[in-house]
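Everything below concerns the one structure shown next.
The values are calculated or read from the model by the stated rules, or taken from the named source; none is laboratory data. Every value quoted in this text rests on a predicted model; they were computed, and no experiment measured them. Every residue, glycine as well, gets a Cβ built from its backbone with ideal geometry; the counts of neighbours run over all protein chains shown.
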Amino acid sequence: MINLQVAKIFYQIAEYYTMDDVAFKPQAYERAARLIEGLEDDLADIYKDGGTKALMKIPGVGQGLAEKIEEYIKIGKIKEYEKLKKACPVDLEHLTAVQGLGPKSIKMLYQKLKIRTLADLEKAARAGKLTALPRFGPKVQENILRGIQYVKGGQGRMLLGYALPLARKFEERLNNLPDVERAVAAGSIRRMKETIGDIDILAIAKRPAKVMDYFCSMTEVDRVLSKGQTRSSVRLHSGLDADLRVLSQESFGAGLQYFTGNKDHNVALRAIAQGKKYKLNEYGLWRGKQMAAGRTEEEVYKKLGVQFMPPEMRENTGELDLAAKNKLPKIVNYDEVLGDLQMHSEWSDGANTILEMAEAAKKLGHQYIAITDHAGRLYIAGGLKEKELLKQMAEIEKADKKVSGIRILKGAEVDIDKEGKLHIEDKVLAKLDIVLGAIHDNFKMSKEAMTKRICRAMQNQHMDIWVHPTGRLIGRREGYEVDWDEVFAQAVKTNTAIEINAYPERLDLSWQNVKRAIAAGVKISIGTDAHATNHLSYLELGTAVARRGWAEKKDVLNCLSFEELLKFLKR
DNA sequence: GCCGTTTTCGGCCCGACTGTTTTCAGTCG
């Protein structure tokens, strides 16, 4: 997969053009880089199938950038980039990561002090050499030194599963202040993106200064980065940044829209506004000096002739076109998901008993769960062999009778071997209510072999769901590659569902692939993969992925009633 | 360099905050 490498080069070209005050190219390169980053298909594959014409179908990629991608595929580099880099040979990737250091400063640092790397920069700053430069005072120098430490610490984005509870805590505290009328986390948290760069909170407040004081002195705050009347920014001990912005009641909807993003969605929405002779900013929708809307998000979208949509859909992947035609899908609601179809107990590598899992799920309002301990091989997480599995089935039946108000399905997460065979005998699988197929080894097969392996597994009539489909671990391990068109077609043909694994570092299928799976007619299942009772709440994260992939209620297995679900499983 | 309900040419988002200035450039989102 070359996408991330190409995106990185495009980001850097954007920085170089900014250094030289080239107009408009930086935004074009940056936008293309962002979109390529989020692409599920390999650029090399797209090119192989349809040449530069196919590349130009990617939004933000025109003739010029398509040719640059072609160049990268053919000769492994982009000459334009090499030329820019030669003129200013600096470690842009790490230098730009330093807070407060942008392309203009980096260029000057190179020209005046020959600074190329973080190490060069640190040495110069420690020697006090930066203060001699125009616009560089002692404070800038100090901030740069701190920024370097931060970059060296390798703090990146935080998983949604960890950032969300934190953001909710901040929301709740602020909402409890007498001066705060309303506080809401916006940004990528509100869109439920799988990783979070920072926490963005918006508030309506009577005395902003007091609220800012409170925000900047919370126990989680490591350092105040900036503090003003309408906006403050802090760095938390966890390494994450958090922003608080205070807006007026009249502007709150426009602000919420603006700070929820994403950026490309907003750019597209502002273009729609311009087309209708409006101006849209974070304070409202304006015609001249007259405010046309701003109090609520709904009002802003409506005035622009665009259907309102949940934040999870706002990624500029076609939602605005559909909304303008009043044709948005009605995506699944969080409360329409009735149960959890993957979890582990102490029978394999889970921490709790079957009964404890059931009681905890019941408390969350679930109508049913599936106990799906590892089965197949001993060496994976205490996997059960046939005999133990039969014993566990009896145990689950007992538990199901014992608890009221929730049903428990007998399931197992079964290894799929190299050839695509399930590791448990068919006659035992036949006794289970629900069979999950999973890949736990041989990740490094070729795309063709992996596709064949999975398609073969789906042919097993007992396998109901293919779980954590790509095996990715966000930020740690890239998922393996498969031919999605082929796999989706096989899933439809064999009536096999594909899982959205809701575990914070998995969220696998990705929302991009959920979108494609659904378009192909594949049924989606959501499973938390809980290994303890406190993991059961991850169901919300999995549902968020379904929503970001535009899944409707009818697409999601867990939206079926218990009786309907049994019918599907016995198909 | 991209893009098209105003366009195949001529547009392209803009306000807050900081640190350095003594009126503003650079950065960020």
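Just a few scattered comments:
- Test for residue A:66: is it of a type outside the set (S, T, N, Q), within 11 Å of DNA strand B (Cβ to nearest atom), touching an Asp or Glu at 6+ places or on another chain (Cβ under 7 Å) and in contact (Cβ under 8 Å) with a residue 12 or more places away in the chain: no
- Matching residues in the stretch A:1-52 - criterion: being within 13 Å of DNA strand B (Cβ to nearest atom), β-branched (Val, Ile, Thr) and assigned to a helix (DSSP H, G or I): A:6, A:9, A:13, A:18, A:36, A:52
- Residues being more than 30 Å from residue A:316 (Cα to Cα) and away from DNA strand B (no atom under 13 Å from the Cβ) - total across the stretch A:191-212: 3
- In the stretch A:224-238, residue farthest from residue A:205 (Cα to Cα) [restricted to those that are within 11 Å of DNA strand B (Cβ to nearest atom) and of a type in the set (S, T, N, Q)]: A:226
- Which listed residue is closer than 27 Å to residue A:116 by Cα and in contact with a helix residue (DSSP H, G or I) (Cβ under 7 Å, 6 or more places away or on another chain), from A:4, A:55, A:39: A:4
- Residue A:241 satisfies every condition listed in (1) among the acidic types (Asp, Glu); (2) more than 10 Å from DNA strand B (Cβ to nearest atom); (3) closer than 20 Å to residue A:195 by Cα except (2).
- Per the conditions (1) crowded, with 22+ Cβ neighbours inside 10 Å; (2) free of Cβ contacts under 8 Å to residues at least 40 places away in the same chain, the sole criterion not satisfied by residue A:451 is (1).
- Answer residue from the stretch A:53-65, given it is assigned to a helix (DSSP H, G or I) and among the aliphatic types (A, V, I, L, M) and is surrounded by the fewest Cβ atoms within 10 Å (Cβ to Cβ) among those: A:54
- Residues satisfying the stated conditions in the stretch A:234-282, i.e. part of a loop (DSSP other than H, G, I, E, B) and either touching a residue at least 24 places away in the same chain (Cβ under 8 Å) or within 13 Å of residue A:184 (Cβ to Cβ) (or both): A:238, A:239, A:240, A:248, A:261, A:262, A:276, A:278, A:282
- Output for the stretch A:92-101, where each listed residue is surrounded by fewer than 19 Cβ atoms within 10 Å (Cβ to Cβ) and either over 17 Å from residue A:145 (Cβ atoms) or of a type in the set (A, V, I, L, M) (or both): A:93, A:97
- Selected residue [aliphatic (A, V, I, L, M) and either at pLDDT below 90 or more than 30 Å from residue A:319 (Cα to Cα) (or both)] from A:119, A:28: A:119
- In the stretch A:331-346 there is no residue matching the filter, namely being within 16 Å of DNA strand B (Cβ to nearest atom) and either surrounded by fewer than 16 Cβ atoms within 10 Å (Cβ to Cβ) or within 21 Å of the chain's Cα centre (by Cα) (or both).
- Residue match in the stretch A:367-382 (condition: surrounded by fewer than 22 Cβ atoms within 10 Å (Cβ to Cβ) and modelled with pLDDT of 90 or more): yes
- Residue within the stretch A:289-304 that is part of a loop (DSSP other than H, G, I, E, B) and within 11 Å of DNA strand B (Cβ to nearest atom) present: no
- Residue-level check: of (1) more than 10 Å from DNA strand B (Cβ to nearest atom); (2) within 18 Å of residue A:223 (Cα to Cα); (3) crowded, with 16+ Cβ neighbours inside 10 Å, residue A:153 misses just (3).
- Residues located in the stretch A:101-117, provided they are in a helix (DSSP H, G or I) and either more than 12 Å from DNA strand B (Cβ to nearest atom) or without any contact (Cβ under 8 Å) to a residue 40 or more places away in the chain (or both): A:105, A:108, A:109, A:110, A:111, A:112, A:113
- Residue pairs whose Cβ atoms lie under 9 Å apart, sitting 6 or more positions apart in sequence or on different chains, and linking a residue in the stretch A:13-32 that is among the β-branched types (Val, Ile, Thr) to a partner that is within 6 Å of DNA strand B (Cβ to nearest atom) and outside any helix (DSSP H, G or I), are A:18/A:102.
- Test result for residue A:285, crowded, with 20+ Cβ neighbours inside 10 Å, more than 20 Å from residue A:192 (Cα to Cα) and of a type in the set (A, V, I, L, M, F, W, C): yes
- Contact annotation: residue pairs with Cβ atoms under 6 Å, 6 or more positions apart or on different chains, pairing a residue in the stretch A:40-56 that is within 23 Å of residue A:509 (Cβ to Cβ) and charged (D, E, K, R) with a partner that is more than 14 Å from DNA strand B (Cβ to nearest atom) and part of a helix (DSSP H, G or I), are A:40/A:512; A:40/A:513.
- Residue check for residue A:82: free of Cβ contacts under 8 Å to residues at least 12 places away in the same chain, more than 10 Å from DNA strand B (Cβ to nearest atom), part of a helix (DSSP H, G or I) and exposed (fewer than 13 other Cβ atoms within 10 Å of the Cβ): yes
Residues checked against (1) of a type in the set (A, V, I, L, M); (2) closer than 18 Å to residue A:256 by Cβ:
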{"site": "A:165", "(1), (2)": "no, no"}
{"site": "A:170", "(1), (2)": "no, yes"}
{"site": "A:184", "(1), (2)": "yes, yes"}
{"site": "A:194", "(1), (2)": "no, no"}
{"site": "A:200", "(1), (2)": "no, yes"}
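- Taking the criterion of being in contact with a helix residue (DSSP H, G or I) (Cβ under 9 Å, 6 or more places away or on another chain), assigned to a loop (DSSP other than H, G, I, E, B) and not hydrophobic (A, V, I, L, M, F, W, C), the residues of the stretch A:118-161 that qualify are A:128, A:129, A:134, A:135, A:137, A:157.
- Residue within the stretch A:208-229 that is in contact with a strand residue (DSSP E or B) (Cβ under 6 Å, 6 or more places away or on another chain), buried (at least 20 other Cβ atoms within 10 Å of the Cβ) and under 21 Å from residue A:304 (Cβ atoms) present: no
- Any hit, the stretch A:123-146, residues being of a type in the set (Val, Ile, Thr), more than 8 Å from DNA strand B (Cβ to nearest atom) and under 30 Å from residue A:504 (Cβ atoms): no
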